[in-house]
1. In whole Hz, what ³J(HN,Hα) sequence does segment 76-89 give by Karplus (6.51, -1.76, 1.60; θ = phi - 60°), x for Gly and Pro?
2. At 0.36 nm per residue, minus the direct Cα-Cα distance, what do LEU22 and LEU77 gain on full extension? Give it in nm, one decimal, please.
3. For segment 53-116, what % of the accessible area comes from carbon and sulfur atoms, probe 1.4 Å?
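The values are calculated or read from the model by the stated rules, or taken from the named source; none is laboratory data. As the structure is a prediction and not an experimental result, all values here were calculated from the model. In case anyone asks, the SASA skips ligands and DNA or RNA and just uses the protein heavy atoms, side chains included. Shrake-Rupley method; radii C 1.70, N 1.55, O 1.52, S 1.80 Å.
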Amino acid sequence: AEVDGNTYWRSPFNSLCSPRQLEEFIVMDIDVIRDQKLGAGAGIRSNKHTLAEVWVQKTSEMDTSQQYHCRTFLGHLLNIGDLVMGYDFANSNINDEYLNKMNPHHLPDVVGFMNE
């Protein structure tokens, strides 16, 4: 996500990954999450986005059975076979004090972006 200069300088942060670390993935399966319960303070449900569970595979690993799981709010835009770009968190060595404090079971395998 892009952040404007005013926002960054009020609360600076370090990037976890650089654009050079983006890898190409193919969408293997997608399952739209229809009736997710919202917790207290969750706010209003968006009508512009669709939450979905997505399984992707690196295009460089098409000769293997290795797939990666992630969630996306772009469920209404993605289809099986689509190519997307993403960061492979499952196989990355990221040194970040805040990320290191998080429960590893709550981190996604892949953080992705759609190709244009």
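1. After applying 6.51 cos²θ - 1.76 cosθ + 1.60, I find 6, 9, 8, 9, 4, x, 5, 9, 9, 9, x, 9, 7, 6 Hz.
2. Net length gain for the segment: 17.8 nm.
3. In segment 53-116, the share of accessible area belonging to carbon and sulfur is 51 percent.
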